[in-house]
Amino acid sequence: MNEFVKALSMIFGPEDLAKIQRVRVGIAGAGGLGSNCAQFLARSGFQNFKIVDFDRVEYSNLNRQFFFYHQVGEAKVEALKRNLLQINPDIKLDVLQVQIHPGNIGSLFEDCHAVVEALDRPEYKKLVVESYLPSGKLLVAASGLAGWGNTDQIKVHRVKEHFFLVGDLVSEVQPHCPPVAPGVVITAAKQADVVLSYFLGKCGVKNIDS
(Lines give C-alpha, C1' and ligand atoms only; values in the text may rest on other atoms or scores of the structure.)
Protein backbone atom coordinates (compact mmCIF):
# COMPACT_ATOMS: atom_id res chain seq x y z
CA MET A 1 0.00 0.00 0.00
CA ASN A 2 1.57 3.28 -1.10
CA GLU A 3 1.43 6.47 0.96
CA PHE A 4 -1.39 7.99 -1.09
CA VAL A 5 -3.56 4.91 -0.55
CA LYS A 6 -2.74 4.97 3.17
CA ALA A 7 -3.96 8.57 3.28
CA LEU A 8 -7.17 7.59 1.49
CA SER A 9 -7.70 4.77 3.97
CA MET A 10 -7.74 7.34 6.75
CA ILE A 11 -10.45 9.26 4.88
CA PHE A 12 -12.74 6.41 3.82
CA GLY A 13 -11.74 3.67 6.24
CA PRO A 14 -10.25 0.34 5.13
CA GLU A 15 -13.58 -1.36 4.42
CA ASP A 16 -15.03 1.34 2.21
CA LEU A 17 -11.74 1.89 0.44
CA ALA A 18 -11.64 -1.82 -0.37
CA LYS A 19 -15.13 -1.51 -1.90
CA ILE A 20 -13.94 1.32 -4.12
CA GLN A 21 -10.82 -0.55 -5.19
CA ARG A 22 -12.84 -3.58 -6.31
CA VAL A 23 -14.80 -1.57 -8.87
CA ARG A 24 -13.65 -1.63 -12.48
CA VAL A 25 -14.68 1.57 -14.27
CA GLY A 26 -14.94 1.81 -18.04
CA ILE A 27 -14.67 5.28 -19.55
CA ALA A 28 -15.73 5.89 -23.15
CA GLY A 29 -13.70 8.92 -24.19
CA ALA A 30 -10.59 10.59 -22.79
CA GLY A 31 -11.42 14.21 -23.58
CA GLY A 32 -12.83 16.92 -21.34
CA LEU A 33 -15.27 14.66 -19.53
CA GLY A 34 -13.35 11.39 -19.58
CA SER A 35 -9.92 12.69 -18.58
CA ASN A 36 -11.29 14.77 -15.72
CA CYS A 37 -13.73 12.12 -14.51
CA ALA A 38 -10.85 9.63 -14.47
CA GLN A 39 -8.66 11.91 -12.38
CA PHE A 40 -11.46 12.59 -9.88
CA LEU A 41 -12.14 8.86 -9.55
CA ALA A 42 -8.43 8.17 -9.12
CA ARG A 43 -8.23 10.82 -6.41
CA SER A 44 -11.25 9.14 -4.75
CA GLY A 45 -9.57 5.74 -4.51
CA PHE A 46 -10.69 3.95 -7.66
CA GLN A 47 -7.76 2.17 -9.18
CA ASN A 48 -9.06 -0.18 -11.85
CA PHE A 49 -9.87 1.49 -15.17
CA LYS A 50 -10.49 0.71 -18.82
CA ILE A 51 -10.30 3.84 -20.97
CA VAL A 52 -11.06 3.96 -24.67
CA ASP A 53 -10.30 6.85 -27.05
CA PHE A 54 -8.71 7.04 -30.51
CA ASP A 55 -7.70 10.73 -30.49
CA ARG A 56 -4.48 12.63 -29.80
CA VAL A 57 -3.90 15.63 -27.54
CA GLU A 58 -4.19 19.01 -29.28
CA TYR A 59 -3.47 22.52 -28.05
CA SER A 60 -7.19 23.28 -28.25
CA ASN A 61 -7.81 20.54 -25.65
CA LEU A 62 -5.73 22.17 -22.93
CA ASN A 63 -8.45 24.63 -21.90
CA ARG A 64 -10.55 21.86 -20.35
CA GLN A 65 -8.84 18.45 -20.47
CA PHE A 66 -6.48 16.78 -18.00
CA PHE A 67 -3.42 17.08 -20.22
CA PHE A 68 -0.37 19.33 -20.37
CA TYR A 69 1.46 21.41 -22.97
CA HIS A 70 4.28 18.92 -23.42
CA GLN A 71 1.78 16.12 -24.14
CA VAL A 72 0.37 17.67 -27.32
CA GLY A 73 0.59 15.12 -30.12
CA GLU A 74 0.49 12.10 -27.83
CA ALA A 75 -2.32 9.57 -27.83
CA LYS A 76 -4.84 10.73 -25.25
CA VAL A 77 -5.15 7.33 -23.60
CA GLU A 78 -1.39 7.01 -23.15
CA ALA A 79 -0.98 10.57 -21.88
CA LEU A 80 -3.90 10.12 -19.47
CA LYS A 81 -2.45 6.84 -18.23
CA ARG A 82 0.78 8.58 -17.28
CA ASN A 83 -1.07 11.43 -15.61
CA LEU A 84 -3.23 9.10 -13.53
CA LEU A 85 -0.18 7.12 -12.44
CA GLN A 86 1.25 10.38 -11.12
CA ILE A 87 -1.71 10.46 -8.72
CA ASN A 88 -1.53 6.81 -7.69
CA PRO A 89 1.29 4.62 -9.04
CA ASP A 90 -0.66 1.48 -8.12
CA ILE A 91 -3.58 2.21 -10.47
CA LYS A 92 -4.37 -0.59 -12.93
CA LEU A 93 -5.18 0.79 -16.39
CA ASP A 94 -6.22 -0.88 -19.60
CA VAL A 95 -6.14 1.75 -22.34
CA LEU A 96 -7.28 1.20 -25.91
CA GLN A 97 -6.55 3.66 -28.70
CA VAL A 98 -9.49 2.63 -30.85
CA GLN A 99 -12.57 4.33 -32.18
CA ILE A 100 -15.86 3.19 -30.69
CA HIS A 101 -18.30 1.84 -33.28
CA PRO A 102 -21.31 -0.51 -33.43
CA GLY A 103 -19.07 -3.49 -34.10
CA ASN A 104 -17.00 -3.22 -30.92
CA ILE A 105 -19.10 -1.32 -28.38
CA GLY A 106 -20.74 -4.44 -26.96
CA SER A 107 -17.43 -5.99 -25.92
CA LEU A 108 -15.38 -2.95 -24.92
CA PHE A 109 -16.75 -2.61 -21.39
CA GLU A 110 -18.29 -6.01 -20.75
CA ASP A 111 -15.74 -6.64 -17.97
CA CYS A 112 -16.51 -3.36 -16.16
CA HIS A 113 -18.88 -2.71 -13.27
CA ALA A 114 -19.58 0.87 -14.38
CA VAL A 115 -19.53 2.67 -17.73
CA VAL A 116 -19.01 6.42 -18.01
CA GLU A 117 -20.08 7.92 -21.33
CA ALA A 118 -17.71 10.81 -22.01
CA LEU A 119 -17.96 11.36 -25.76
CA ASP A 120 -18.58 14.43 -27.91
CA ARG A 121 -20.78 13.35 -30.79
CA PRO A 122 -24.47 12.60 -30.10
CA GLU A 123 -24.52 9.45 -32.24
CA TYR A 124 -21.69 7.88 -30.21
CA LYS A 125 -23.22 8.95 -26.91
CA LYS A 126 -26.45 7.25 -28.00
CA LEU A 127 -24.53 4.14 -29.05
CA VAL A 128 -22.93 3.73 -25.62
CA VAL A 129 -26.19 4.33 -23.75
CA GLU A 130 -28.26 1.98 -25.91
CA SER A 131 -25.59 -0.72 -25.71
CA TYR A 132 -25.17 -0.72 -21.92
CA LEU A 133 -28.55 0.36 -20.61
CA PRO A 134 -29.90 -3.23 -20.66
CA SER A 135 -26.74 -4.60 -19.00
CA GLY A 136 -27.58 -3.67 -15.42
CA LYS A 137 -24.19 -1.99 -15.05
CA LEU A 138 -24.03 1.50 -13.64
CA LEU A 139 -24.23 3.85 -16.63
CA VAL A 140 -23.40 7.55 -16.30
CA ALA A 141 -23.81 9.80 -19.33
CA ALA A 142 -23.71 13.55 -19.93
CA SER A 143 -25.81 16.04 -21.89
CA GLY A 144 -25.60 19.84 -21.79
CA LEU A 145 -22.37 21.33 -20.47
CA ALA A 146 -21.27 23.94 -22.99
CA GLY A 147 -20.71 27.65 -22.44
CA TRP A 148 -20.32 29.49 -19.16
CA GLY A 149 -22.31 31.44 -16.60
CA ASN A 150 -25.04 28.84 -16.16
CA THR A 151 -23.28 26.07 -14.28
CA ASP A 152 -25.86 25.95 -11.47
CA GLN A 153 -28.13 24.23 -13.98
CA ILE A 154 -25.76 21.26 -14.34
CA LYS A 155 -27.48 18.58 -12.30
CA VAL A 156 -27.63 14.82 -11.86
CA HIS A 157 -30.77 13.24 -13.33
CA ARG A 158 -31.59 9.68 -12.35
CA VAL A 159 -33.27 8.31 -15.47
CA LYS A 160 -33.50 4.67 -14.41
CA GLU A 161 -32.26 2.59 -11.49
CA HIS A 162 -28.79 2.15 -12.96
CA PHE A 163 -28.75 5.05 -15.45
CA PHE A 164 -27.80 8.62 -14.57
CA LEU A 165 -27.55 11.64 -16.87
CA VAL A 166 -25.48 14.67 -15.86
CA GLY A 167 -25.84 18.14 -17.38
CA ASP A 168 -28.35 20.90 -17.98
CA LEU A 169 -29.84 18.89 -20.90
CA VAL A 170 -29.89 22.07 -23.02
CA SER A 171 -26.46 23.63 -23.67
CA GLU A 172 -25.14 21.85 -26.74
CA VAL A 173 -21.66 22.61 -28.03
CA GLN A 174 -21.94 25.17 -30.85
CA PRO A 175 -19.67 27.87 -32.31
CA HIS A 176 -21.27 30.49 -30.05
CA CYS A 177 -21.41 28.11 -27.09
CA PRO A 178 -18.04 26.31 -26.85
CA PRO A 179 -16.95 23.83 -24.18
CA VAL A 180 -14.83 25.55 -21.52
CA ALA A 181 -13.28 24.36 -18.29
CA PRO A 182 -15.89 25.31 -15.65
CA GLY A 183 -18.88 23.54 -17.19
CA VAL A 184 -16.91 20.56 -18.44
CA VAL A 185 -15.07 19.98 -15.17
CA ILE A 186 -18.22 20.41 -13.06
CA THR A 187 -19.99 17.83 -15.19
CA ALA A 188 -17.05 15.43 -15.00
CA ALA A 189 -16.89 15.87 -11.22
CA LYS A 190 -20.59 15.11 -10.93
CA GLN A 191 -20.17 12.01 -13.06
CA ALA A 192 -17.41 10.86 -10.72
CA ASP A 193 -19.56 11.65 -7.71
CA VAL A 194 -22.36 9.48 -9.09
CA VAL A 195 -19.95 6.55 -9.41
CA LEU A 196 -18.61 7.08 -5.88
CA SER A 197 -22.10 7.45 -4.39
CA TYR A 198 -23.43 4.42 -6.24
CA PHE A 199 -20.82 1.99 -4.97
CA LEU A 200 -20.12 3.52 -1.58
CA GLY A 201 -23.40 5.18 -0.69
CA LYS A 202 -23.92 8.81 0.19
CA CYS A 203 -22.55 10.02 3.50
CA GLY A 204 -24.92 8.78 6.18
CA VAL A 205 -27.33 7.28 3.60
CA LYS A 206 -27.89 3.62 2.78
CA ASN A 207 -26.16 2.47 -0.42
CA ILE A 208 -28.62 3.06 -3.26
CA ASP A 209 -27.75 -0.28 -4.82
CA SER A 210 -28.39 -2.36 -1.70
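The values are calculated or read from the model by the stated rules, or taken from the named source; none is laboratory data. Everything quoted here is computed from the prediction, not taken from an experiment. Glycine also receives a Cβ, built like all others from the backbone with ideal geometry; neighbour counts cover every protein chain displayed. Note: areas computed on protein heavy atoms with side chains; ligands, DNA, RNA excluded. Shrake-Rupley method; radii C 1.70, N 1.55, O 1.52, S 1.80 Å.
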- Query: Does region 196-203 include one or more residues that are in a helix (DSSP H, G or I), open to solvent by 30 Å² or more (accessible area, probe 1.4 Å) and modelled with pLDDT of 95 or more?
  - Reply: yes
- Every listed condition ((1) in contact with a helix residue (DSSP H, G or I) (Cβ under 8 Å, 6 or more places away or on another chain); (2) closer than 24 Å to Glu78 by Cα; (3) aromatic (Phe, Trp, Tyr)) holds for Tyr124 save (1)
- Identity of the residue in region 45-67, open to solvent by less than 30 Å² (accessible area, probe 1.4 Å) and polar (S, T, N, Q), that ends up farthest from Lys125 (Cα to Cα): Gln47
- Any residue in region 56-80 that's without any contact (Cβ under 8 Å) to a residue 12 or more places away in the chain: show its pairings with residues that are part of a loop (DSSP other than H, G, I, E, B) at Cβ separation under 7 Å, as long as the two are six or more apart or on different chains. Tyr69/Leu62
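Yes/no per residue for (1) over 19 Å from Asn63 (Cβ atoms); (2) in a helix (DSSP H, G or I); (3) not basic (Lys, Arg):
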| site | (1), (2), (3) |
| --- | --- |
| Tyr132 | yes, yes, yes |
| Leu139 | yes, no, yes |
| Gly149 | no, no, yes |
| Pro179 | no, no, yes |
| Ile186 | no, yes, yes |
- Query: Restricting the search to region 169-193, which residues are of a type in the set (A, V, I, L, M) and open to solvent by less than 70 Å² (accessible area, probe 1.4 Å)?
  - Reply: Val180, Ala181, Val184, Val185, Ile186, Ala188, Ala189, Ala192
- Flagged pairs (Cβ under 6 angstrom, 6 or more apart or on separate chains; first in region 21-40, without any contact (Cβ under 8 Å) to a residue 40 or more places away in the chain; second among the polar types (S, T, N, Q) and not in a strand (DSSP E or B)) are Gln21/Gln47
- Test Tyr124 against the stated conditions and say whether it is open to solvent by 70 Å² or more (accessible area, probe 1.4 Å), of a type outside the set (Asp, Glu) and under 23 Å from Ala181 (Cα atoms). no
- Task: Please name all residue pairs, on different chains or six or more residues apart, with Cβ atoms under 9 Å, provided the first residue is in region 94-118 and is free of Cβ contacts under 8 Å to residues at least 24 places away in the same chain and the second residue is surrounded by fewer than 15 Cβ atoms within 10 Å (Cβ to Cβ) and among the hydrophobic types (A, V, I, L, M, F, W, C).
- Result: Asn104/Val98
